[in-house]
Structures are given as C-alpha cells and as structure tokens.
Amino acid sequence: MKVFVVHSTFVSLLAWITLTFALPQAGSGTVTAKARAATSTARSNTAAKAAGKLYFGSATDNPFLDEDATYKAILSDNTLFGQLSPENAMKWDATEPEQGVFTFTNGDVIVALAQANGQIMRGHNTVWGSQLPSWVSDSGFDNATLISVMQNHVSTVIGHYKGQIWDVVNEPFNDDGTLASNVFFETIGPTYIDLALQAARAADPDAKLYINDFNIEGEGVKATAMANLVSDLKSRGIPIDGIGLESHFILGEVPTTLQAQMEAFTALGVEVAVTELDIRMTLPETDALLAQQQTDFQNVVSACTAVADCVGVTVWEYTDKYSWVPSTFAGQGDADPWDENLEMKPAYDGIIAGFSS
Ligand code: XIL
C-alpha cells in the first residue's frame, strides 16, 4: 500500500512537471491542444545533420512567401529547414511559357531566399509530362525539333540555376513499370531520358542529376523498372547521380520495404533522397490518426537515416495550410508535420525520432 502511495505521488509529480514545464516548450502555446501538438524541442534540420544527412527541407511556392510572413519566417529558420524545393517555380510552364522566352523571376526569389538562409536548393524539374505549356505539349514538333527544344530548355534552366541538385526527369514511369506516355516519350522515344540528362550535365557539370518518381518507395514492378533504367544508364555512361523517392504516402501505408528499396537503389551507385514527403489521412483528423502519422513519419525518416547514401528528406510543404493534398485527393488532407496554424504536430516528433534512430 505504501509503495502504491509513493508511486502515485511520484506520478502526480511527474504529471505536474510535464504540465508546468514541458507544454510551453512544445512550440504551440496551446495547452488545450496538447494531444495534437509536438513535444520535441529538437530542431529538424539540426537533427538531420547530426544523423549525417545533408538536410531536412521543404517545398515552397511564391504566393505563400509573398502573403504569409509567419510562414516565411518558419521556413527561413535553418535549424528547422536546410533545403528548399520550388513547388512550381522552376517547372516548364513557369520558366519557358513561350518558346525561347525564359522567366526566372519566381525561381530566383526562392534561390535568393535559400541563399540568404544558408539553405541548399533542389531544382524541380525540367522534363515532365505535366505542367507543360501548350506550345510544347500540343505542338506536333517532329523528333529533331523536340529534341532541340528539350535540350535548349534543360540547358538554359539548369545553366541559370547552377550548383543545385536537380530533378532532371520527373515521373517517367507508369505504375506497371512501362515508360509513361508524354510528348517527349511519344515523339523522341525512351532516349529522351538520356538526352535530358546529357544536356543537364553539359549545362552544369557540378549539378547532381536525379530522376524522380512516386510509387517506387517500396519493392515492386515500378521500383524494379527504375532500378533497371538507372543501371542501364550507368552501363551506357549516361550521367545519373540520384533517384528521388517522392513519398506521397497514405496514412498507415508506408511501405515496409522502404529501407530495403533505398538500399537496392544505392547499390547501383547512385544516391537517393526522399523528395516530396507527405502522409495524408482521410479527414476529419483525430488524435489516433495523428499518432499513426507520427509513427509513419518516423518510419520514413529512420529509413533514410539508416541508409548512408540517402542524403536528405524534403516535405512537400511543411504545413497543412498550403498542402497540395486536399485539392488533389478528395476528402484527404492534414498530410504535413505543421498544422494549418503553423504549429508543429506529433508528426514533427516522428521526424526528430527518425533522425535519432
Ligand atoms: C504539385 C504542386 O504541389 C502543385 O502546387 C501543382 O499544382 C501540381 O504539382 N509530384 C511532383 C510535384 O513531382 O511536382 C507535384 O507538385 C506533386 C506530385
């Protein structure tokens, strides 16, 4: 009985200490929301570097930077974020809306911000079947013309944004492992990938050149197709430095073979990165879903931590306030580690734990 009394007093004391001292450090200041707030005081980019990674980063987009000073201030804290990806600013429709007319304004804003903050840039992306201006997608260019249009685009954009890590080719595969139909594949054939990578290398010998895709994060036909492509490129001397694993996951469905798949890719002699991480749930959010999301984020980050040549983890927007998810996947959302009030969620604790594993 006495033991029980001592024990329960001790527990009460602990609870008091937690309530008194731990909550204000959660970064939320909202005591009533404790179950939904992060408790970690560690910093995500500091934790990534301590784990031997180059960065923990986030995608960002110009409208949010222009309109939301608090959002920008958090993004600019390089103890939290060591890397930025432009969500849209460097895509073809943004950079070459008319043939031969290049507009780098939005991308330059993001690069300047990263430089001011001491953050690494990942360029995203030069050759993709989506977000193409119609003068490219509907042109009916013949093979030779489209090759020269594509090479000019890649070399001008990567030549402008030197010294970055680049998603040169984005989403080249269908889920069944065949090459996706887009204007480049249909007109040029599979060698469009070779030609894009070669143009990128020629434009900036120091850029890290990636192919980026989704549904390649776990073992399966699409991941095998990516591995086969990269090993073929390497055997033919086509420049390729990395594979980007987008990692747009559904809650509770992070592939259990994620680490093994990263290892299979790095065994080919390339690096990997988690390039677009978010973990979406069917709304409405509950504490149980947030707890699962914390576990899921931890599992993704700990896989990268465990693989020496996984260079870093990027979330596709750090906050639910600006996530692409709700407008893309009906009824789903809350996929990011900061909530719509720019407060850290339990998922943030998962990220810190993942880098500490
Ligand atoms: C998304 C952006 O987040 C949206 O703002 C845009 O409207 C559409 O594209 N895979 C990719 C990214 O490689 O470029 C996509 O980004 C998300 C899926």
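Using the Cβ of Leu195 as centre and a radius below 13 Å, the other residues enclosed give a net charge of +1, where K and R count +1 and D and E count -1.
If you add up the charges near Leu245, with Lys and Arg at +1 and Asp and Glu at -1, over every other residue whose beta carbon is less than 9 angstrom from its beta carbon, what do you get? Here the charged neighbours net out to -4. Taken along the Cα-to-beta-carbon direction at a fixed 7 Å, the label points for Asp77 and Asp176 span 4.8 nm.
The local environment of Phe355, defined by Cβ-Cβ distances under 12 Å, has a net charge of +2 under the rule Lys, Arg +1 and Asp, Glu -1.
Taking every DSSP helix (H) stretch of at least 4 residues in the chain, weighting each as -39,500 (n - 2.57) and dividing the sum by the residue count yields a mean residue ellipticity at 222 nm of -12500 deg cm²/dmol. Accessible area per residue (1.4 Å probe, heavy atoms of protein chains only) ranks Thr70, Thr156 as Thr70, Thr156, with the largest value leading. A 1.4 Å probe run over the chain, with the rest of the protein chains in place, finds 41 Å² accessible per residue. Stretching Asp142 away from Ala330 to a fully extended chain increases their span by 63.8 nm, per 0.36 nm per residue minus the current alpha-carbon distance. Helices of the chain meeting both criteria, an alpha-carbon length of 24 angstrom or more along the long axis and an average Kyte-Doolittle score not below 0.0, with helices taken as full DSSP H segments, are 143-160, 287-306. Projecting label points 7 angstrom from Cα along Cα→Cβ for Thr41 and Ala112 puts them 3.7 nm apart. Taking the protein heavy atoms of the range 163-313 in the context of the full set of protein chains, the accessible area attributed to carbon and sulfur is 50 percent at 1.4 Å. The value of relative contact order for the range 290-348, using C-alpha pairs under 8 Å at least six residues apart, is 38 percent.
With a cut-off of 8 Å between alpha carbons and a minimum separation of six or more residues, what is the relative contact order of the chain in percent? Averaging sequence separation for qualifying contacts and normalising by length gives 17 percent for the chain. Taking the Cα centre of the range 99-189 as origin, work out the dipole magnitude from +1 charges on Lys and Arg Cβ and -1 charges on Asp and Glu Cβ, in debye rounded to 20. That gives the range 99-189 a dipole magnitude of about 440 debye.
The values are calculated or read from the model by the stated rules, or taken from the named source; none is laboratory data. Bear in mind the structure is a predicted one, so any value in this text is a computation, not a measurement. For neighbour counting, all protein chains shown are included, and Cβ atoms are generated from backbone atoms with ideal geometry for every residue, glycine included. Only protein heavy atoms, including side chains, enter the accessible area calculation; ligands, DNA and RNA are left aside. Shrake-Rupley method; radii C 1.70, N 1.55, O 1.52, S 1.80 Å.
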